[in-house]
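Each remark here refers to the structure printed beneath this line.
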Amino acid sequence: MGRQLKLNLFIYPGGHHEAAWRHPKSHTERLLDIRFYQELAQRAEAAKLDAVFYADGPALESNVQFATRFRIEPFTWLSAIAVATERIGLIGTASTTYLEPYNAARLFASLDHLSNGRAGWNIVTTGAERAAQNFGLDEHPPHAERYSRADDFVRVVGKLWDSWEDDAVVADAGTGVFADTSRIHPVEHEGRYFRVAGPLNTPRSPQGRPVYVQAGSSEDGKAFAAEHAEAVFTAHQSLDSAQAFYADIKARATAFGRDPGQLLVLPGISPYLGSTEAEAKALKQEFDELTQPEYGLGILRKLLGIDLDGVPLDGPFPPELLATAGKAGSRSQLVLDIIRREDLTVRQVLHRFAGARGHYVFAGTPVQVADEIQRWFEGGAADGFNIMPPWLPGGFEAFADEVVPILQSRGLFRTEYTGRTLREHFGLDRPASQFSRGIQPPNQPGAVQRSQDLPNQQPASQQPAGHQLSGAPA
């Protein structure tokens, strides 16, 4: 079997179009019904998708007046998803800026045990400035400082997950020994931001470590991903842009001594499906006509740092405003590039980004959507995709029923699961504990442990011999 697509269902309350909750096809009355999300995950599992993904942030968005931009705490929600499913991966967001490493390590290890090895951590540094005041801080830490803290954070969490070797649990009733304490290690981490003694109070989880996922596309974000991430969520509007990002991030990973095949690139795509292309575009137009300009103008103000109040919606962007627009970050540059290249009116820009906040929106027939996915996959732009349905549940049901079978018939996507863990679905190695050969990780502030300094990694299918607790993969 050749190279296979990785496909995740990115679940956003109501759907990814900002006006989805207003459309009669949406089930807005079920937005806080856990059974609704369990059913979505079960539907994604029936289609053999790799994972479901929940985004999160520790502050209420100011634009919740116009859209379903509330957040649900992902560990609680994904735990409920875990008991309603058997195979599909469970990826949740946790902030390295507003969480402590020991708590994060326990939460994800517990989810990995609960789900028998299906957990993934979407590592974010949090961009919402208003989050600071929810945690007793006067101001949000600067971008570079947040990534420096994230680097230290990830190193601590990795050590904690590795602090129990795979065979530390003996459970020998005859001798009365439950755990071999010589295989449970203090981590004694002393970094720039964290001092953690360890060990973790939870045995090593089925995957060894949950899968590391990252979503930043700034220079700091790409550097972080190249060293730490195993999957990267990214946003691109064109094949050329996606190809450039793909080549860049793979090259950066190689420079760290990593196998670039162990870093998956997964852009977002928000598909509108119709029996004809015209029908699909008309469906998208239905959603766009439900948007409220106040919401989109607020997004542009945040992204570009310009105030468009009073500017005619059906007129061009004032050149003097465009000249001063833009902030650090790839998303703002993406918006500016589209405005300048396509000479869009303000309303057209609002509609362009209403669908998926800068991710790729594509309207067409099931064959056309499958063709586009295949073009990016085979064209060096993606290892797979985050599927971002415009509305729920119908936007995903159409994709699962009509696009997935086409990808399967072309040999691009699985027809059955061959593994049980998220690492196995993604084709990622199961890492050996960094303590298993007596290798003590560096503790000095700013120390960098390159991947070539770690012990050899085990393929995902090679589980350690010896006693295993119930719930570990067989």
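Is one or more of the residues making up the range 297-319 within 18 Å of Ala235 (Cβ to Cβ), part of a loop (DSSP other than H, G, I, E, B), out of contact with any Gly (no Cβ under 8 Å at 6 or more places or on another chain) and not assigned by TED's automatic domain parsing to the domain that holds Ile387?
no
What number of residues in the range 107-131 are part of a helix (DSSP H, G or I) and under 15 Å from Thr76 (Cα atoms)?
Residues meeting the conditions: 8.
Just checking, how many residues over the range 27-74 are within 30 Å of Leu412 (Cβ to Cβ) and not in a helix (DSSP H, G or I)?
9
Which of the residues spanning the range 200-226 are more than 21 Å from Gly384 (Cβ to Cβ) and crowded, with 22+ Cβ neighbours inside 10 Å?
Of everything in the range 200-226, those that are more than 21 Å from Gly384 (Cβ to Cβ) and crowded, with 22+ Cβ neighbours inside 10 Å turn out to be Leu200, Arg204, Ser205, Pro206, Gly208.
Restricting attention to the range 150-169, which residues are hydrophobic (A, V, I, L, M, F, W, C) and not in a loop (DSSP other than H, G, I, E, B)?
Ala150, Phe153, Val154, Val156, Val157, Leu160, Trp161, Trp164, Val169
Would you please name the residue that is surrounded by the fewest Cβ atoms within 10 Å (Cβ to Cβ), looking only at residues in the range 349-369 that are farther than 21 Å from Asp240 by Cβ and over 22 Å from the mean Cα position of the chain (by Cα)?
Residue satisfying both the conditions and the ranking: Val367.
Report whether or not Leu334 is in a loop (DSSP other than H, G, I, E, B) and touching a residue at least 24 places away in the same chain (Cβ under 8 Å).
Considered against the rule, which asks whether it is in a loop (DSSP other than H, G, I, E, B) and touching a residue at least 24 places away in the same chain (Cβ under 8 Å), Leu334 comes out as no.
As an exercise: evaluate Asp259 against (1) among the acidic types (Asp, Glu); (2) within 30 Å of Pro431 (Cβ to Cβ); (3) outside the structural domain of Tyr212 (by TED's automatic domain parsing) and give the number of the one condition it does not meet.
The single condition Asp259 does not satisfy is (3).
Any idea which of (1) at pLDDT 95 or above; (2) within 29 Å of Leu239 (Cβ to Cβ) is the one Val361 doesn't satisfy?
Condition not satisfied by Val361: (1).
Residues are listed down the side, and each one gets a yes or a no for (1) touching a Lys or Arg at 6+ places or on another chain (Cβ under 9 Å); (2) of a type outside the set (Asp, Glu):
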| position | (1), (2) |
| --- | --- |
| Leu334 | no, yes |
| Gly355 | yes, yes |
| Asp383 | yes, no |
| Val403 | no, yes |
| Arg410 | no, yes |
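Can you say whether Ala41 is aliphatic (A, V, I, L, M), over 23 Å from Ala398 (Cα atoms) and within 19 Å of the chain's Cα centre (by Cα), as far as the supplied structure shows?
no
Return a yes/no flag: does the range 88-109 have any residue that is more than 17 Å from Pro58 (Cα to Cα) and more than 18 Å from the chain's Cα centre (by Cα).
yes
Just name the residue that is surrounded by the fewest Cβ atoms within 10 Å (Cβ to Cβ) out of those in the range 137-186 that are among the aliphatic types (A, V, I, L, M) and more than 16 Å from Ala109 (Cα to Cα).
So the residue we want is Ala173.
Anything in the range 89-104 that is in contact (Cβ under 8 Å) with a residue 40 or more places away in the chain and in a helix (DSSP H, G or I)? List them, or say none.
Within the range 89-104, Pro101, Tyr102, Ala104 qualify.
Phe75: out of contact with any helix residue (DSSP H, G or I) (no Cβ under 8 Å at 6 or more places or on another chain), in contact (Cβ under 8 Å) with a residue 24 or more places away in the chain and buried (at least 16 other Cβ atoms within 10 Å of the Cβ), yes or no?
So Phe75 fails the test.
Test of understanding: among Glu416, Glu378, which residue is touching a residue at least 60 places away in the same chain (Cβ under 8 Å) and surrounded by fewer than 17 Cβ atoms within 10 Å (Cβ to Cβ)?
Only one candidate passes the filter, namely Glu416.
The values are calculated or read from the model by the stated rules, or taken from the named source; none is laboratory data. As the structure is a computational prediction, the values presented were derived from the model and not from experiment. Virtual Cβ from ideal backbone geometry, glycine too; neighbours counted across all protein chains shown.
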